[in-house]
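Novice: I have a structure I would like to understand better, so I am pasting it below and will then ask my questions one at a time.
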Ligand SMILES: CC(C)(COP(=O)(O)OP(=O)(O)OC[C@H]1O[C@@H](n2cnc3c(N)ncnc32)[C@H](O)[C@@H]1OP(=O)(O)O)[C@@H](O)C(=O)NCCC(=O)NCCS
């Protein structure tokens, strides 16, 4: 991902109703954070025109990684792109010695929860009123 992709990525993120979308400032800070890793999925359509259809942001600190954000363009969902992004993420981290994976997900976000379960994440805790001071988050962990 390059800095110029932030606008398109932000638009995909804004389509999610399960968390408050990150502001441009937050995207930029995360993009510039040396611990963060930011990747996008692109689709090459007619006339070789490229379109961003998904993204994944995560941090790696020692042997642990935290998934910060993942999103797929609404018109491209349920086509396996989320799974491809997660496969990429897990392989990328394993190659760098990561042994534990963490994330938070809204209790209402069944599609993301299902995706994470597919990758053997398990619920290890709850963060009360984590989203907008209202909705609880599940803390999930996956060990290698
Ligand atoms: C969560 C998200 C990234 C999944 O991406 P996707 O490309 O649609 O997912 P995939 O097509 O790879 O599906 C992965 C698995 O999740 C399941 N799944 C995805 N959406 C689902 C839904 N709405 N209901 C039930 N299962 C769902 C799929 O069936 C598949 O499971 P299977 O292999 O057992 O069939 C996408 O829905 C999204 O961008 N949501 C908005 C952003 C968001 O909530 N991000 C998570 C922040 S914590």
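Novice: Here is a list of conditions, (1) without any contact (Cβ under 8 Å) to a residue 12 or more places away in the chain; (2) part of a strand (DSSP E or B), and residue 104 meets all of them except one; can you say which number that is?
Specialist: Against the list (1) without any contact (Cβ under 8 Å) to a residue 12 or more places away in the chain; (2) part of a strand (DSSP E or B), residue 104 comes up short only on (1).
Novice: Suppose we filter 85, 67, 78 for residues that are near the ligand (Cβ under 9 Å from one of its atoms), assigned to a strand (DSSP E or B) and either more than 18 Å from residue 35 (Cα to Cα) or within 13 Å of the chain's Cα centre (by Cα) (or both); which single one remains?
Specialist: 67
Novice: Could you list, in sequence order, all residues of region 8-47 that are assigned to a helix (DSSP H, G or I), without any contact (Cβ under 8 Å) to a residue 24 or more places away in the chain and either in contact with a helix residue (DSSP H, G or I) (Cβ under 8 Å, 6 or more places away or on another chain) or buried (at least 16 other Cβ atoms within 10 Å of the Cβ) (or both)?
Specialist: Residues satisfying the conditions are 10, 24, 27.
Novice: While we're here: Which members of region 128-144 meet the condition of being outside any strand (DSSP E or B) and closer than 20 Å to residue 115 by Cα?
Specialist: Matches in region 128-144: 144 only.
Novice: Looking at this structure, is residue 103 surrounded by 12 or more Cβ atoms within 10 Å (Cβ to Cβ), within 14 Å of the ligand (Cβ to nearest atom) and at pLDDT 95 or above?
Specialist: Spelling it out, residue 103 is indeed surrounded by 12 or more Cβ atoms within 10 Å (Cβ to Cβ), within 14 Å of the ligand (Cβ to nearest atom) and at pLDDT 95 or above.
Novice: Let me ask you something else. Quick check on region 52-61. Is at least one of its residues near the ligand (Cβ under 8 Å from one of its atoms), touching a helix residue (DSSP H, G or I) at 6+ places or on another chain (Cβ under 9 Å), at pLDDT 95 or above and part of a strand (DSSP E or B)?
Specialist: Yes: region 52-61 contains one or more residues that are near the ligand (Cβ under 8 Å from one of its atoms), touching a helix residue (DSSP H, G or I) at 6+ places or on another chain (Cβ under 9 Å), at pLDDT 95 or above and part of a strand (DSSP E or B).
The values are calculated or read from the model by the stated rules, or taken from the named source; none is laboratory data. Remember, it's a predicted structure, so these values are computed and weren't measured experimentally. Don't worry about glycine lacking a Cβ; one is built from the backbone with ideal geometry, like all the others, and counts go over all protein chains shown.
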